[in-house]
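*Asks:* Can you keep this structure in mind? I'll have questions shortly.
The values are calculated or read from the model by the stated rules, or taken from the named source; none is laboratory data. Given the structure is predicted, the values throughout are model-derived calculations rather than measurements. Backbone-built Cβ (ideal geometry, glycine too); neighbour counts: all protein chains shown. Note: areas computed on protein heavy atoms with side chains; ligands, DNA, RNA excluded. Shrake-Rupley method; radii C 1.70, N 1.55, O 1.52, S 1.80 Å.
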Amino acid sequence: MSPSKLDSTASFGDGDVSVSCSQPANGLSDSLSLLHSEKAVQELIQQTPVHGSDDHLIEFSEALRTVAKALRRAAEGKAAAQAEAAEWKRRYELERTRNLHLENKGNGICEKLRSWWMQTSINNTTGLIRLMLPCLYCCENWKEQGRRLSKEQSLRENNGVSEGGRLDNSTNQPMLCNQEKEHSNGGCLEHGICSHEVLQDVADFDSNMAHQNKIMRKASFKLSWRCKGENSDQHKHDIVYFEKGNISTAERSSKQISLKWESPPQTLLILTKPNSTSVRILCAQMVRWLREQKKLKIYVEPRVRVELLTESSYFSFVQTWKDEEEILLVHTKVDLVVTLGGDGTVLWAASIFKGPVPPIVPFSLGSLGFMTPFHSEHYRDCLDSVLRGPISITLRNRLQCHVIRDAAKNEIETEEPILVLNEVTIDRGISSYLTNLECYCDNSFVTCVQGDGLILSTTSGSTAYSLAAGGSMVHPQVPGILFTPICPHSLSFRPLILPEHVTVRVQIPFNSRSPAWASFDGKDRKQLAPGDALVCSMAPWPVATACQVDSTDDFLRSIHDGLHWNLRKTQSFDGPRDV
Ligand SMILES: NC(=O)c1ccc[n+]([C@@H]2O[C@H](COP(=O)([O-])OP(=O)(O)OC[C@H]3O[C@@H](n4cnc5c(N)ncnc54)[C@H](O)[C@@H]3O)[C@@H](O)[C@H]2O)c1
Ligand SMILES: Nc1ncnc2c1ncn2[C@@H]1O[C@H](COP(=O)(O)OP(=O)(O)OP(=O)(O)O)[C@@H](O)[C@H]1O
């Protein structure tokens, strides 16, 4: 039988293996079943005794091999096509959201913000909550959007009657804070990065605070690029000049950044490492000092509030949240976050904020502290100078990771993105097989990782797991994505550093021997089945951590103190030398 004879459904043996090769090109209905068929064909080849003298059998097994190969190619083709389709679907959705957003920007209203606003207004018929949040999707023009939404609300409440086009929103319009009035020309965005203000927050989400029916607003601050010999308030937007055909760089894409408060911070969130007596004692002291000396409002996690109240009822002024939903609003309340612990507590702090993150002041109470430059013994002086400002900060990029399930029927089933400050790791989990990860960068094939796994790390995470896997240490202010294999079974694999603007996709091939596992900053393990993918790009919400000196000094100090980097006894003068 020649291979060409295998163009129709053929049954082999006692009929339990059936291979159809006559399907049209688009008939690759299910690559998994194709793979099973391939396996069956392979098994059949192994089971069928082939004697050198039997030409027919040799020809037959050749034909089967050809079929097996064709099936494998078909399955791989489908996997690639599915990955591409998923990516295009994602891009389409992104584009559609952006277009919707732009369309509504014409009206001055972001669609997401509009629906959120509608919900809030509908859910709170008493009209108690009328929060004005920054729009996470556009992060601009939201004050104006607030006014317009308020007008819409007013219209709805008045059955939409507005004959002369004049809208009376005097009762429903969010109250504007002073900042809003001062910056109503939007000047803030023109000369730096500004914090968002909360316009009005009538009802506190904590019932303990329900009686405090008063205006709270977030402290406003400005971030500016600091460069030696340059006026710090001047920020040119052009990075590259093309004057008379000559290309010259006018600016660096990343610089030392300084934070200057435009209004004093009023609310602090303190996050602490659990199960540590020294941290508990320090936390109580700090809360007391901040309340008595600085007159600040303090938020802590529910666990910490219980701990403080167990110590003394004095701490009843300390506020907290009740559930996951309320945590989502915390960033609108808090001006500054203080962490008491090690790097893990900074990671924990960042993980609480699924969108914008307030600046973090990390105190070191762990064994290593790459992101925790402040010493807890001097907390009063440190906090004094941070609250006064200006301070140097390290603006740490985060990665935004999407798990795309092959089994997902539609985009509604797409899982929420996860933000990481250190890295996302895709590894073999408990499986003893090699992982097989197909990696693409902006749809260009990068490589197939065969080994224990792959780390996609931020530059902040470059001193963590990526370093242990042989990646380079990178200054946290350098924008980039580290692509570091874990124990690759290849002599020529070297870690890469990719530019910050790319999207990396890691695909688990359909013919993978086992599922892979993704973990995010060392937590939240998720299984990735064959056909699933992890798509990762730079998130728009970095984490600003306060520096002791500046980002470079702090970074170098951390690798010297934390890792004893390049520590070696100095060679003595006493010996052979060039004269
Ligand atoms: N082989 C390894 O080195 C290895 C293995 C697993 C996880 N990790 C790291 O642990 C991190 C989670 O930290 P954790 O504190 O929640 O877990 P953990 O308590 O297990 O601590 C892990 C260690 O990593 C250090 N670390 C964390 N972030 C760092 C950073 N940016 N630079 C330098 N060191 C850093 C911590 O100080 C700590 O000593 C993960 O994001 C991962 O980077 C490292
Ligand atoms: N507020 C928190 N709630 C829950 N878990 C937390 C919190 N803060 C920290 N953790 C977790 O506790 C673990 C240890 O925290 P951290 O790294 O800060 O302390 P450490 O291990 O003593 O420090 P180091 O790693 O420098 O020795 C981390 O896994 C971190 O995610």
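*Asks:* Can you work out the accessible area per residue across segment 386-472, with the rest of the protein chains kept in place, probe 1.4 Å, in square angstrom?
*Replies:* 40 Å²
*Asks:* Next question. Starting from the Cα of residue 98, step 7 Å along the direction of its Cβ; do the same at residue 285; then give the gap between the two resulting points in nm.
*Replies:* That separation, rounded to one decimal, is 5.1 nm.
*Asks:* If amide hydrogens are placed 1.01 Å from N in the peptide plane, which non-local residues have theirs closer than 5 Å to the one on residue 336?
*Replies:* HN-HN under 5 Å from residue 336: 267, 269.
*Asks:* Can you pull the one-decimal nm distance between simple spin-label points at residue 568 and residue 513, each 7 Å off the Cα toward Cβ?
*Replies:* About 4.1 nm separates the two model spin labels.
*Asks:* Report the full-extension gain for the segment residue 306 to residue 478: residue separation times 0.36 nm, less the Cα-Cα distance, to one decimal in nm.
*Replies:* 57.9 nm
*Asks:* Another question, if that's okay. Once amide H atoms are placed 1.01 Å from N in the peptide plane, what residues at a sequence separation of 5 or more from residue 262, or on another chain, have their amide H within under 5 Å of its amide H?
*Replies:* 220, 221, 222
*Asks:* Please work out the C-alpha center-to-center distance from segment 544-558 to segment 332-384 and express it in whole Å.
*Replies:* 13 Å
*Asks:* Looking at this model, which pairs from 89/354; 333/523; 222/294; 222/255; 297/322; 89/526 are more than 19 angstrom apart at the alpha-carbon?
*Replies:* 89/354; 333/523; 222/294; 89/526
*Asks:* Please find the FRET efficiency linking residue 314 to residue 278, where r is the Cβ-Cβ separation and R0 is fixed at 25 Å, and quote it to the nearest 0.05. Show your work: numbers first, answer last.
*Replies:* Working: r = 20 Å, r/R0 = 0.81.
The pair residue 314/residue 278 has a calculated efficiency of 0.75.
*Asks:* By its C-alpha gyration tensor, with a ≥ b ≥ c as the square roots of the eigenvalues, how is segment 512-577 shaped: rounded for a/c under 1.5, else prolate for a/b larger than b/c, else oblate?
*Replies:* Because a/c hits 1.5 or more and a/b fails to exceed b/c, segment 512-577 counts as oblate.
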